[in-house]
Amino acid sequence: MAKKKGKREEAFTFPKFDSEEYRTKEVRDSKVTVFAVFYAIVVALICYSLVMVADMGGWVTLIGFASPFGLIKILPIFFDTSEFERKNWFGPMMMSFMAWLGFMILLSNPPFNDIAKPKFQQVETYIESDGNWNQTLQIDANTPFVLVISVKDNWEVDSVKVSAGKAALNSQPLLKLEENNEYDIEGNSLYYYFFENGLDTDAYSFIFYAEDAEGNSNSKSISLTIG
């Protein structure tokens, strides 16, 4: 009995590459990417203005996250997006968000702006012994000592003050510790107060308040036991 011949499969052929269509899409996608970056710059400038004029930090964040979706309405005005697939939208939207974030970080830092609060770091105490000022954690009553705190800012610290009710301090300005100071204390961005007559035996609570040149402020509390 003769075998039936199987159905002959047609040979696969690659579709013809349309170089003109490919070039047109690549040029369009490049223009869309450039437009998305320009759009992000405009949004970042608007956000920057809102922060400077009205201090609308929360709204600025919301605008930044929502702005890439605005491209869905804006891009069709300038480009033919009828053949856009999901990946075609994702690229410019992500590029727009990253560009907005980068420009906002740039505009939020000196020399354009300063929105960061001063930062407190270590607090140290020094007493004099044998003609030298040494760091210590133990301070006896009525012993002169230097209270030092580190305050840093990404632009410029304007003032540092300290308050302590039991120590009779009320927003007392701290002095900046310069190089080659009389206490031989080394470090950067240090501020100090010298207790010439020391303090009585007690537990003290010190509140530090710092403000930078742009009016951003921060506070820090510490406890110190004397005796």
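Nothing in this text is a laboratory measurement; each read-out follows from the coordinates by a stated rule. This is a predicted model, so every value here is computed, not measured. Don't worry about glycine lacking a Cβ; one is built from the backbone with ideal geometry, like all the others, and counts go over all protein chains shown.
Using a 10 angstrom cutoff on alpha carbons, build the Gaussian network for the chain and name the most mobile of LYS31, LYS152, LYS117. For the chain, modelled as a Gaussian network with Cα springs under 10 Å, the answer is LYS31.
Using the Karplus relation 6.51 cos²θ - 1.76 cosθ + 1.60 with θ = phi - 60°, the per-residue 3J(HN,Hα) values for the stretch 145-151 come to 8, 10, 9, 10, 9, 9, 10 Hz, with x marking Gly and Pro. Label sites at THR143 and GLU128, each approximated as a point 7 angstrom past Cα along Cα to Cβ, lie 1.4 nm apart. For the stretch 162-227, the set of trypsin sites (Lys or Arg not before Pro) satisfying both a DSSP loop assignment and a count of at most 16 other C-beta atoms within 10 Å is given as LYS166. With the helix formula -39500 (n - 2.57) applied to DSSP H stretches of n ≥ 4, the chain reaches a computed 222 nm mean residue ellipticity of -11500 deg cm²/dmol. A straight chain from SER223 to GLN121 at 0.36 nm per residue would run longer than the Cα-Cα distance by 35.2 nm. In the chain, the longest principal axis of the Cα atoms and the axis of helix 86-107 are about 20 degrees apart.
For the options ALA116, ALA54, ALA40, a Gaussian network treatment of the chain with springs between C-alpha atoms closer than 10 Å singles out ALA54 as fluctuating the most.
The local environment of MET93, defined by Cβ-Cβ distances under 15 Å, has a net charge of +1 under the rule Lys, Arg +1 and Asp, Glu -1. Largest GNM mean-square fluctuation across LEU174, LEU62, LEU147, computed for the chain with C-alpha springs under 10 Å, falls on LEU62.
Under a crude label model (7 Å from the Cα following the beta-carbon direction), how far is ILE41 from LYS152 in nanometres? According to this spin-label approximation, the distance is 3.3 nm. Counted residue by residue at 0.36 nm each, then reduced by the alpha carbon distance between them, the extension gain from ASN180 to THR24 reaches 49.4 nm.
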